[in-house]
Structure formats: C-alpha cells, structure tokens
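Below: the structure, in structure tokens.
The values are calculated or read from the model by the stated rules, or taken from the named source; none is laboratory data. A quick note: this is a predicted structure, and the numbers were derived from the prediction, not measured. Note: ideal-geometry Cβ built from the backbone for every residue, glycine included; neighbour counts use all protein chains shown.
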C-alpha cells in the first residue's frame, strides 16, 4: 500500500484569484489573449512574474506566461519570498503536490533531491509554504500555457547574498542539461506615491536590463530600490547566466495605480525574461 499523498491545498483561491475552475480559466485566458508580444526568439531560461491579486498584477504576469505558449518544459522551479514566516535558509516543499482550482501539480522528487544534495541551507520543509501566495499564484497561469509539467516550489526565508549565491549555484548544477524553467516571483516597490514608485521601479528595471546580479544585490542591500522578491530575481539572473542566457527581455511594467486609478500608494509589477539567444553579437 502506498503512503498517502501530501498535497498543499490552495491558500488564496477566492482572494487572489477565482476559486471556480471555469471562472479562473476564463480570467487567465482573457488576460493571455490581451497580451501582444513581438516575436521573441531564443530559449527561455527564466522569467520574472509578479504575485499580487490577479485584478492588480494578472495582466503583467500574463506577459511572462504568454512567452511560454508553445514551449514545453518537464519541470518548473518556482522561487519566491516568504511574506508570512521568517526562517533562516531556503525551503523546498516537502510534500507531493501543489493544488490549485485547476488541479494538482506534482512535485518533481528527482529534481528536489538533487537540489538538496550537499546543501546545508536548502532543506525540504513546509516552512514558508503553508499560507504563502507568491508561488501559488504562478501555477494557474502555468497550468494554462504548459500541457504537462512538474514543479519544485522554493521559498527563500532569507534573501541575503550568501543564500542567493548558494541557491543559484545549486540550481545551475541541477538544471544543466535538463528541460527546466525557472520562475522568480516578485513585486516591486510598495506603497509609495505613484511618481516616486515609478522612479524606484525604473531603477529595478535598469539593473535587470544590465543583467548583473551582483550589482543588483548591491543596490537591493543599499535600498536603492525595492523588490519583495529581490532575492528570487537575483537568483534567476545568476542562474540563467550560468545556463547560457545572454539577453534580457522586459515584457511589461505597471503599478496598481494604473489599474485602480488610486495613485496615493501603489505597488509595482514587472514581467521579464532571461533568454539564451545564439545570434547575440
């Protein structure tokens, strides 16, 4: 007799996105259909996607996932920040699946085991996963654009430089020669007046475009800009480069003031991709 499957149930369905499967599919498909991207050639190694409620950041997120249409990945590694629990280190979900209203996404046990091997600060745990939304909100989009895939959900309890570097080295080691996508979950500045937020967020975008993860972390630590998932963004940059990525595509930016019209205190959202393009000169 097999052991009972351990499934992480949806924590923010009905709050951050529709609880009804039919309504959720319709909402995601409508957002994806509104996205107009130029033709972008190359291998997508990693994407950055926001994680607010779909009414606020869903259209920005749709740009990252629209880029994945027609592409296939055996596994998606999703890295996000912890909003509700502080813990030292990095937590990979220790169960068997993450569930959304669109169904269960199985955990890739093999990739998880490889990431855990020899890494003292990376552990299998439920810490950071229980009520966290930053990874959960990515999955329904992935379920709509990818046919079959497994997932490795990773929460960073601490985003200090050492952990960013350690995780990126482990990810690059495991992802090499595998058909794996990396998703970094992050919003940008929080609750500044509109014009101030735009200036802060432009600095994030500029450093993302420069594709230098060390400088990005420097600026994050100096508080030159804000990103609640700055660590995951840095990890995605550093990992993607180790895997051969040589181009950045900024796909969309907006903030909550653009959606609601309330510009007194806004949250910024970014979609970007790190690509491997063979014809870069």
Open item on the list: On the basis of being modelled with pLDDT of 95 or more, within 27 Å of residue 119 (Cβ to Cβ) and touching a helix residue (DSSP H, G or I) at 6+ places or on another chain (Cβ under 6 Å), does residue 175 make the cut?
Closed with: no
Open item on the list: Suppose we filter the stretch 222-281 for residues that are part of a loop (DSSP other than H, G, I, E, B) and more than 22 Å from residue 40 (Cα to Cα); how many remain?
Closed with: 13
TODO: Considering every residue within the stretch 191-202, establish whether at least one is closer than 23 Å to residue 73 by Cα, buried (at least 18 other Cβ atoms within 10 Å of the Cβ) and modelled with pLDDT of 95 or more.
DONE: no
- [ ] Test residue 171 against the criterion of being in a helix (DSSP H, G or I), in contact with a strand residue (DSSP E or B) (Cβ under 9 Å, 6 or more places away or on another chain) and over 15 Å from residue 128 (Cβ atoms), and give yes or no.
- [x] yes
Open item on the list: Take the residues in the stretch 70-84 that are assigned to a strand (DSSP E or B) and over 10 Å from residue 182 (Cα atoms); name whichever of them is nearest to the chain's Cα centre (by Cα).
Closed with: 80
TODO: Name every residue in the stretch 16-44 that is in a loop (DSSP other than H, G, I, E, B) and either surrounded by fewer than 12 Cβ atoms within 10 Å (Cβ to Cβ) or touching a helix residue (DSSP H, G or I) at 6+ places or on another chain (Cβ under 8 Å) (or both), in order of residue number.
DONE: 16, 18, 35, 36, 37, 38, 39, 41
Open item on the list: Among the listed residues 102, 139, identify the single one that is within 30 Å of residue 32 (Cβ to Cβ) and in contact with a helix residue (DSSP H, G or I) (Cβ under 6 Å, 6 or more places away or on another chain).
Closed with: 102
- [ ] With respect to residue 244, determine if the residue is in contact (Cβ under 8 Å) with a residue 40 or more places away in the chain and surrounded by 17 or more Cβ atoms within 10 Å (Cβ to Cβ).
- [x] no
Open item on the list: Would you confirm, using the coordinates I've provided, whether residue 93 is under 17 Å from the mean Cα position of the chain (by Cα) and either touching a residue at least 12 places away in the same chain (Cβ under 8 Å) or crowded, with 18+ Cβ neighbours inside 10 Å (or both)?
Closed with: yes
